[in-house]
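All of the numbers you see were taken from the coordinates with simple rules; none came from a lab. Because the structure is predicted, anything quoted here is derived from the model rather than measured. All Cβ positions, glycine included, derive from the backbone under ideal geometry; neighbour counts span all protein chains shown.
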Amino acid sequence: GNSVTQMEGPVTLSEEAFLTINCTYTATGYPSLFWYVQYPGEGLQLLLKATKADDKGSNKGFEATYRKETTSFHLEKGSVQVSDSAVYFCALSSRGSGTYKYIFGTGTRLKVLA
Amino acid sequence: GAVVSQHPSRVICKSGTSVKIECRSLDFQATTMFWYRQFPKKSLMLMATSNEGSKATYEQGVEKDKFLINHASLTLSTLTVTSAHPEDSSFYICSARTDPLGETQYFGPGTRLLVL
């Protein structure tokens, strides 16, 4: 079946450090891929998405490229800020039972220190 | 746009009682909403797909009679945990789509349920 694997957290970085959060997936067909962010006490917010191979999603300085050959969708940011501290979820969307459904990774907690 | 709310944000109840959680799309109509359960340090697990005007579609292993879902309008879906027990304690999150044919989901802030 379809699945998403994320790197274990927590990830602790200093401000302005480079961030990579790894995400790999297993799926039949060509799913769309998403990154969501959950700030403390809030719901999940869509950060970025990519719908086909080689697409690059980007938002707020974060980027992720849909790599079909490595079945990956790693999240990157060149210079993190304290305000980026949150939990990040990778997800894929696949069609089943007539509707698109998400499968989430376990989430990676990021803590950025000033 | 695409704001989803949940109520209550936290609830504590006694074992054996029922608890209702509401999920509302505030600025759009949602023919489809989803209910997830999140365990500590675990990923979100899809419980069911809620369709306006029809029965919900439950994922394998989810008890339909335990988790009752009603999607009576285009902006409201409810999840009722019946005869709750401590093992039902969890974080419940709903989501909705703005486009019935689309993939992107917008999430509510979640409801933390504690059953004593």
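Out of all the residues in the stretch B:1-22, which are away from every other protein chain (no Cβ under 11 Å) and surrounded by 18 or more Cβ atoms within 10 Å (Cβ to Cβ)?
B:Val19, B:Ile21, listed by residue number.
Regarding B:Arg37, is this residue farther than 23 Å from A:Ser93 by Cβ and within 12 Å of another protein chain (Cβ to nearest Cβ)?
No.
Is it the case that B:Leu116 is among the aliphatic types (A, V, I, L, M) and either closer than 27 Å to A:Ser32 by Cα or without any contact (Cβ under 8 Å) to a residue 60 or more places away in the chain (or both)?
no
Mind listing whichever residues of the stretch A:75-96 are touching a strand residue (DSSP E or B) at 6+ places or on another chain (Cβ under 6 Å) and not aliphatic (A, V, I, L, M)?
The first filter runs over the stretch A:75-96 and keeps only residues touching a strand residue (DSSP E or B) at 6+ places or on another chain (Cβ under 6 Å), leaving A:75-77, A:80, A:82, A:84-93.
Within the stretch A:75-96, A:Glu76, A:Lys77, A:Asp84, A:Ser85, A:Tyr88, A:Phe89, A:Cys90, A:Ser93 meet the criteria.
Which of the residues belonging to the stretch B:46-71 are among the aliphatic types (A, V, I, L, M), under 12 Å from B:Cys23 (Cβ atoms) and more than 13 Å from every other protein chain (Cβ to nearest Cβ)?
B:Ile69
Where residues in the stretch A:16-49 are away from chain B (no Cβ under 11 Å) and β-branched (Val, Ile, Thr), which of them is nearest to A:Phe73 (Cα to Cα)?
A:Thr24
Considering only strands (runs of 3 or more DSSP E) fully contained in the stretch A:38-102, which possess at least 3 residues that are within 10 Å of the chain's Cα centre (by Cα)? Before the answer, list the steps.
Numbers: elements: A:44-50, A:56-59, A:62-65, A:75-77, A:86-96.
In the stretch A:38-102, the matching strands (runs of 3 or more DSSP E) lie at A:44-50, A:62-65, A:86-96.
Of the residues that make up the stretch B:53-65, is at least one in contact (Cβ under 8 Å) with a residue 24 or more places away in the chain and either more than 16 Å from B:Gln6 (Cα to Cα) or assigned to a loop (DSSP other than H, G, I, E, B) (or both)?
Checking the stretch B:53-65: not a single residue is in contact (Cβ under 8 Å) with a residue 24 or more places away in the chain and either more than 16 Å from B:Gln6 (Cα to Cα) or assigned to a loop (DSSP other than H, G, I, E, B) (or both).
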